[in-house]
1. Looking for whichever is among the charged types (D, E, K, R), farther than 30 Å from GLN263 by Cβ, outside any loop (DSSP other than H, G, I, E, B) and over 24 Å from the mean Cα position of the chain (by Cα) here; the options are ASP326, ASP388. Which one fits?
2. Please specify each residue of region 410-420 satisfying the condition of being at pLDDT 90 or above and part of a loop (DSSP other than H, G, I, E, B).
3. Have a look at ASN310, ASN213, ASN237 and point out the one that is over 23 Å from the mean Cα position of the chain (by Cα) and at negative phi.
4. Would a scan of region 483-506 turn up a residue that is at pLDDT 95 or above, touching a strand residue (DSSP E or B) at 6+ places or on another chain (Cβ under 7 Å) and in a strand (DSSP E or B)?
5. With (1) over 22 Å from ILE456 (Cβ atoms); (2) in a loop (DSSP other than H, G, I, E, B); (3) among the polar types (S, T, N, Q); (4) in contact with a strand residue (DSSP E or B) (Cβ under 9 Å, 6 or more places away or on another chain) as the list, and THR303 as the residue in question, which single condition is left unmet?
6. Of the numbered conditions (1) modelled with pLDDT of 95 or more; (2) in contact with a Gly (Cβ under 8 Å, 6 or more places away or on another chain); (3) more than 16 Å from GLY173 (Cα to Cα), ASN273 satisfies every one except a single condition; which is it?
Amino acid sequence: MTKANPIRPTPTSPDRANAAAKGCNTMNPSMLAALGLALVAGPALAQSETIATASPTPPPAAGAASPPPSESMVINLIRLLVKQGVITQDAADALRQQAEDEAQQARAAAGAPSLTAVAPAPDGVIRVPYVPQVVRNQIKEDIKKDVMAQAQAEGWASPGAFPDWISRIQWFGDFRFRDQFNFYSNNNISPYIDYATFNANGPIDINANTNPNGLPFLDTRQNRINQLSLRARFGMNVKVFDGVAATVRLATGSDNSPVSTTQLLGGGLGKKNIWLDQAYITLTPTYWSTVSLGRTPNLFMHTDLVFDDNLNFDGVTATATRQIGDQGLKLFGTAGAFPLDYVSSNFPTNNGVKAPDSTKWLYAIQIGAQFQPDALSWSAKGAVSFYDYQNIRGRLSAPCDTFDNIKQCSTDSSRPSFMQKGNTLFLIRDITPNPGSPLNYARPQFVGLSYDYRLIDVTGEVEIPLFGPTRGQLQADYVRNLAYSPTNVLANALTPPITNFDISPDGSVGAYRSGPNGWMIKATVGYPRPVAKGEWNLAAGYKYIEPDAVLDAFNDHDFHLGGTNAKGYFLSANYYFANNTWLSGRWLSATEVFGPPLAIDVLQLELNTKF
């Protein structure tokens, strides 16, 4: 070991750099990692030192003794790479020279004394200069990145790792446990015909003399308490490609109701049903528009005055959103076409003449705007929607000889597939009297809707900051059925309404009463969209829904236990005792708008979580 003398760094020639690159091309990842670790961890690099050896060291001649071991880990490693044939001797010389050059540059950048003042090293001596810690750390990080990049590209760093498609799946879901209490007034009308069951189990004979089982009726006076139920929904969203995604969600449910996925517990501890709740593809042709196809969520701005929050749509929905200027104004629009019910290709099955196509459709369009000057200030949002139901009205059949073993009549398919209660109905079968018993014969019937439904809906909400992070929100909704025409309904003697009549205490039937209007107002204080522990909100509101304001099949199934012809108030409270996990309570008190008395109060206590 001789005394260290400064040396002037010699630029690496292009030939030597090329040789180094060529020689390093054959290094495998493990050799590359070892070389990097040696550069940063070798104790010989902690101080300037000299190594007595030939410079440059020629490759040993055949049969010649190997050069003596060096005190430098780097030099020994380079010699080992030459000996193993991993790199050439020229590449080794270039690597050594490059290391000296870069170390000198790093030393100058770190403010260390220049090495140019140091005298050249004696012949036969190689001097390895001091490498500052910051340079060693940088070398370590660069080598780590290079090795990991190669490992990931070639797949040898993570054997058994998940395939790429796993990373493109996002799981989501929610769970709710509920205890529900239904309270009925003792002054309610009884019996009250359950026309939803009437159609679902029909046709049902309306002649009491030939139908020993009678008609289905709703419970209107007997309370039901501690009805335990659950709702579980689990889904996945898959990013198929840029601009293409697919979503599938499963859900519980006691039946195939479109407005509820609640599963009542009990039933002899039997297993519970799982239904396909959502399944759709989303295309994003531009950053401001989407097209969803399949069984999609409700993408319209809405309240449960018109559509229950659990309702999904079958069909196609297109949305568009555009920012206007930089003042917080945004315009949005949504349009869709949704088949509600098809006529079977073979209907009627017992007749050679098949019915023409009369598919029930819902066509919908909405335009709206949202304004919020900044993220913490007040905001306002509103939309105007038009919902047009096609072929939804019931049709009177051709004369139907049900006594002659005929099971279907010509317009049976015009009855609604699902109902709750409230809409005006009529009997859709024109049953021919039995010649053998013209005064007493079976009359199996279905019911249909008396009106078409073309709805104009105006929805708005305003949100303002209150104190701290809490905010206040006021929401309002007004809907009107533009197709409501009682004059036309009452003018046809063959299709008289059978619902929405006043009934006196003595049982006599009074005047027919209905209406096309519905409205709702709701105020919320707290966190309008809570998610984190400690967040909460309180809400109160009032609803008024005339019998034919909306289609009773699709609106809120909890208020008045579903349907229209209802008015009353509702209260709710939510408290998040953990992130995405909360307790909630709701009280809904409703009575009829027109007709005989029917008051129903509902209490719901819930534990919810989502992910």
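1. ASP388
2. Listed by number, the residues that qualify are THR411, ARG415, PRO416, SER417, PHE418, MET419, GLN420.
3. Step by step, each of ASN310, ASN213, ASN237 is checked, and only ASN213 is over 23 Å from the mean Cα position of the chain (by Cα) and at negative phi.
4. no
5. (1)
6. Unmet for ASN273, out of (1) modelled with pLDDT of 95 or more; (2) in contact with a Gly (Cβ under 8 Å, 6 or more places away or on another chain); (3) more than 16 Å from GLY173 (Cα to Cα): (1).
This table checks each residue for (1) surrounded by fewer than 14 Cβ atoms within 10 Å (Cβ to Cβ); (2) without any contact (Cβ under 8 Å) to a residue 40 or more places away in the chain; (3) among the hydrophobic types (A, V, I, L, M, F, W, C).
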| site | (1), (2), (3) |
| --- | --- |
| TYR363 | no, yes, no |
| PHE371 | no, no, yes |
| LEU376 | yes, no, yes |
| SER379 | no, no, no |
| GLY382 | no, no, no |
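Condition check ((1) touching a helix residue (DSSP H, G or I) at 6+ places or on another chain (Cβ under 9 Å); (2) at pLDDT 90 or above; (3) polar (S, T, N, Q)) across all residues:
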| residue | (1), (2), (3) |
| --- | --- |
| ALA196 | no, yes, no |
| PRO203 | yes, yes, no |
| THR210 | no, no, yes |
| LEU215 | yes, yes, no |
| GLN227 | no, yes, yes |
| VAL240 | yes, yes, no |
| ALA246 | no, yes, no |
| THR252 | no, yes, yes |
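The values are calculated or read from the model by the stated rules, or taken from the named source; none is laboratory data. Note that the structure is predicted; figures quoted are calculated from it, not measured. With ideal geometry, Cβ positions are generated from the backbone for all residues, glycine too; neighbour counts draw on all protein chains shown.
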